[in-house]
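Read the structure below first, then the notes.
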Amino acid sequence: MELRDVPAATDIRVIVGDTHGDHANMLRALRRVGAIDQHGARAPGYWTCHVGDVIHAGHGVQQDDVVCLEQALALFDCMLLGNHETPFAVGLGSFMGQNETLECQALLDTSVHDGRWLAATAVDNYLVCHAGLHPYLLSESRAFDSLRLQGNLDDPAATAAAINSAFERRLASGDPEPLFDWVGPIRSSHATETCGGIFWCDWQELMA
């Protein structure tokens, strides 16, 4: 299968998220929309994207994560990181009850090394990331300084590229960046941040 971060013009878009190790329902969803056949093979004419939390990585769940990650890597063209992957994939963040180790760690490491994961992408003039981008961060994060100067804040493809570049810098420097590190007041009663970043932003923050 030829993997593509963005779809071709004629592709049917299928975007899935938060499977949390539930590989059976992940396959059921892909089968129902026609992206895979009854044998689990990819059907032509589809572009598939997983927006993160492929694995659960918490509360003792292990084996389902292995199978779910194996299948996701085989079936999705584009893989975006969620907050359940980032601690193990790139050493960023964690949450209460998360596993200390993963049986799928070697596979996760290999997929990271192979460049299978992104922080964001853009599809049909929409920005796509795990938890959404809060307007506060779009207007205030230094990751978008160049877009502000160019007047391109309303360009989803440019925004996704800026997020991915900023994510690489965040991982290389180790310096906290609100765009990725903020958990937000809804997800954490101890948080003093304005909102959550792209891995943590809560839907209630976006609705407000």
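The values are calculated or read from the model by the stated rules, or taken from the named source; none is laboratory data. Only a predicted model underlies this, so the values are computations on that prediction, with no experimental measurement involved. When we count neighbours, we look across all protein chains shown, and the Cβ atoms used for this are built from the backbone with ideal geometry, even at glycine. Please note that ligands, DNA and RNA were not included when accessible areas were found on the heavy atoms of the full protein model with its side chains. Shrake-Rupley method; radii C 1.70, N 1.55, O 1.52, S 1.80 Å.
How many residues, within the stretch 18-30, are closer than 13 Å to Phe76 by Cβ and either assigned to a helix (DSSP H, G or I) or open to solvent by 30 Å² or more (accessible area, probe 1.4 Å) (or both)? So that I can check it myself, show each step before the final result.
Step one: of the stretch 18-30, the residues closer than 13 Å to Phe76 by Cβ are 19, 23, 26-27, 29-30.
Now restrict to residues that are either assigned to a helix (DSSP H, G or I) or open to solvent by 30 Å² or more (accessible area, probe 1.4 Å) (or both): 23, 26-27, 29-30.
Number satisfying all stated conditions: 5.
Restricting to the stretch 1-16, name every residue that is under 12 Å from Cys78 (Cα atoms) and at pLDDT 95 or above.
Correct list: Arg13, Val14, Ile15, Val16.
I need a count of the residues in the stretch 44-96 that are open to solvent by 10 Å² or more (accessible area, probe 1.4 Å) and assigned to a strand (DSSP E or B).
1
Of the numbered conditions (1) in contact (Cβ under 8 Å) with a residue 60 or more places away in the chain; (2) surrounded by 16 or more Cβ atoms within 10 Å (Cβ to Cβ); (3) in a helix (DSSP H, G or I), Ile15 fails exactly one; give the number of that condition.
Tallying (1) in contact (Cβ under 8 Å) with a residue 60 or more places away in the chain; (2) surrounded by 16 or more Cβ atoms within 10 Å (Cβ to Cβ); (3) in a helix (DSSP H, G or I), Ile15 fails exactly one: (3).
Residues to consider are Tyr126, Tyr136; find the one that is open to solvent by 20 Å² or more (accessible area, probe 1.4 Å), farther than 18 Å from His50 by Cβ and of a type outside the set (S, T, N, Q). Steps first, answer last, please.
Numbers: Tyr126 fails: farther than 18 Å from His50 by Cβ.
Answer to the selection: Tyr136.
Of all the residues that make up the stretch 162-182, how many are open to solvent by less than 60 Å² (accessible area, probe 1.4 Å) and either under 15 Å from the mean Cα position of the chain (by Cα) or closer than 26 Å to Asn152 by Cα (or both)? Even if it seems obvious, please write down each step before you answer.
Step one: of the stretch 162-182, the residues open to solvent by less than 60 Å² (accessible area, probe 1.4 Å) are 162-167, 170, 174, 177-182.
Retained after the next criterion (residues that are either under 15 Å from the mean Cα position of the chain (by Cα) or closer than 26 Å to Asn152 by Cα (or both)): 162-167, 170, 177-182.
Going through the stretch 162-182 one residue at a time, the tally reaches 13.
So which pairs qualify, if the first residue must be in the stretch 31-43 and open to solvent by less than 80 Å² (accessible area, probe 1.4 Å), the second must be at pLDDT below 95 and part of a loop (DSSP other than H, G, I, E, B), the Cβ gap must be under 6 Å, and the two must be at least 6 apart or on different chains?
Once the first residue is open to solvent by less than 80 Å² (accessible area, probe 1.4 Å) and sits in the stretch 31-43, its partners that are at pLDDT below 95 and part of a loop (DSSP other than H, G, I, E, B) give Arg42/Met1.
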